[in-house]
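Worksheet for the structure shown next.
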Amino acid sequence: MKTKQRKTYDSGMIRDFIDHLKWEVRTCHFENVSAPNALNPELIDQLAKYQRKRGCFGLLTGQLTREKPDADALAEWKARRAGEMQTYIDALELLEPLFQEAVFCAANRQFINIAHKADFSCCKRSECPRPWTQPA
């Protein structure tokens, strides 16, 4: 009789998705605050890296209209979109420690099982171990 293997998350794929999303949001923000045809080589390189690795192009929708908007409507839309993207950038940066912890835990099930049984009295002194914050 075969034993059932527990399925786990692919932590590398999750990390790539989160990083790809961050670069997509930064790119969208840049495109909406910059002059037309402005380029940012770092943004291009980072997006290309995830597009090559995962074969995924574009995690965000663009302008979904068939009609060409007038200049005022376009400027208003770009300003609103830039504000949304800045809000998302701030939120993603705020959530980064949570993402690091979750990806670490998804990749290290043994650590979690041990951690649930551990003595966390150190946490009262703000010395709780956080291995996910250490460089890989």
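From Lys53, Lys78, Lys68, which residue is of a type outside the set (A, V, I, L, M), over 22 Å from Asp16 (Cβ atoms) and assigned to a helix (DSSP H, G or I)?
Selected residue: Lys78, the only one of Lys53, Lys78, Lys68 that is of a type outside the set (A, V, I, L, M), over 22 Å from Asp16 (Cβ atoms) and assigned to a helix (DSSP H, G or I).
Could you tell me which numbered condition Leu92 fails, if it satisfies all but one of (1) of a type in the set (A, V, I, L, M, F, W, C); (2) under 29 Å from Ala107 (Cβ atoms); (3) exposed (fewer than 15 other Cβ atoms within 10 Å of the Cβ); (4) at pLDDT 90 or above?
For Leu92, the failing item is (3).
Can you say whether Gln110 is more than 17 Å from the chain's Cα centre (by Cα) and at pLDDT 60 or above, as far as the supplied structure shows?
yes
List, please: which pairs have Cβ atoms under 9 Å, are six or more places apart or on different chains, and start with a residue in the stretch 54-77 that is at pLDDT 85 or above and end with one that is charged (D, E, K, R) and not in a helix (DSSP H, G or I)?
Leu74/Lys68
Pairs, please: C-beta under 7 Å, at least 6 apart or cross-chain, first residue part of a loop (DSSP other than H, G, I, E, B) and in the stretch 24-50, second surrounded by 13 or more Cβ atoms within 10 Å (Cβ to Cβ) and of a type in the set (Phe, Trp, Tyr)?
Once the first residue is part of a loop (DSSP other than H, G, I, E, B) and sits in the stretch 24-50, its partners that are surrounded by 13 or more Cβ atoms within 10 Å (Cβ to Cβ) and of a type in the set (Phe, Trp, Tyr) give Asn40/Phe30.
The values are calculated or read from the model by the stated rules, or taken from the named source; none is laboratory data. Since we're looking at a predicted model, the values are computed, not measured. Virtual Cβ from ideal backbone geometry, glycine too; neighbours counted across all protein chains shown.
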